[in-house]
1. Inside the stretch 36-61, can you point out the residues that are of a type in the set (Gly, Ala, Ser), farther than 15 Å from PRO101 by Cα and not in a loop (DSSP other than H, G, I, E, B)?
2. Within the group LEU14, LEU39, which residue is over 13 Å from the mean Cα position of the chain (by Cα) and open to solvent by less than 50 Å² (accessible area, probe 1.4 Å)?
3. Based on this model, can you work out whether PHE115 counts as at pLDDT 95 or above and aromatic (Phe, Trp, Tyr)?
4. Quick one: how many residues across the stretch 62-108 are assigned to a strand (DSSP E or B) and surrounded by 13 or more Cβ atoms within 10 Å (Cβ to Cβ)?
5. Give all pairs with beta carbons closer than 7 Å in which a residue from the stretch 44-55 that is farther than 11 Å from PHE32 by Cα and open to solvent by 50 Å² or more (accessible area, probe 1.4 Å) meets a residue that is in a strand (DSSP E or B) and aliphatic (A, V, I, L, M); count only pairs at least 6 apart in sequence or on separate chains.
6. For the stretch 1-35, which residues satisfy the criterion of being more than 16 Å from VAL99 (Cβ to Cβ), outside any strand (DSSP E or B) and touching a residue at least 40 places away in the same chain (Cβ under 8 Å)?
7. Here are THR85, THR65: which of them is in contact (Cβ under 8 Å) with a residue 24 or more places away in the chain, within 19 Å of SER10 (Cβ to Cβ) and among the hydroxyl-bearing types (Ser, Thr, Tyr)?
Amino acid sequence: MKLEILGVRSAGDLFRERVVFRADGDGDIGRFLVTTSRLTGEKSVSSHIENPFWFPDKSVKSGDTVVLYTKLGGNNSVENDDRTTSHFYYMGKDSPIYVLPDVCVVLMDSNPWVFSTK
């Protein structure tokens, strides 16, 4: 499964600011992590990341829309007329994060990932 970034919508407006993604294949959204960074060139970004959000584990289907709001809210899903689902997630921020022109979305696929307790 891949996620396609469709774009940031209503940047700078906390109540409407969101990043919209589309699922390209069936899979678990929980393998994806979203952050912000700064553009350092036309096709490059800084390694300094901010505002991390790791999606909780949940199955999504090909063609589903995933929407990540900046504001506080409760995660939910809605079935669409075309039989796809829109999945809504919330970062819980109290101010918008896409206010400067060089701030960008970075999407990372964490599959596979490992951890250590020591």
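The values are calculated or read from the model by the stated rules, or taken from the named source; none is laboratory data. Source: prediction; values computed, not measured. Reconstructed Cβ throughout: ideal geometry from the backbone, glycine too, with neighbour counts over all protein chains shown. Quick note on the areas: whole protein, heavy atoms, side chains included, nothing else; ligands and nucleic acids left out. Shrake-Rupley method; radii C 1.70, N 1.55, O 1.52, S 1.80 Å.
1. SER59 - this is the single residue of the stretch 36-61 that is of a type in the set (Gly, Ala, Ser), farther than 15 Å from PRO101 by Cα and not in a loop (DSSP other than H, G, I, E, B).
2. Answer to the check: LEU14.
3. no
4. Number satisfying all stated conditions: 18.
5. Short answer, once both residue conditions are applied: VAL45/LEU39; VAL45/VAL106; ILE49/VAL106.
6. The answer is MET1, ILE29, ARG31.
7. THR65
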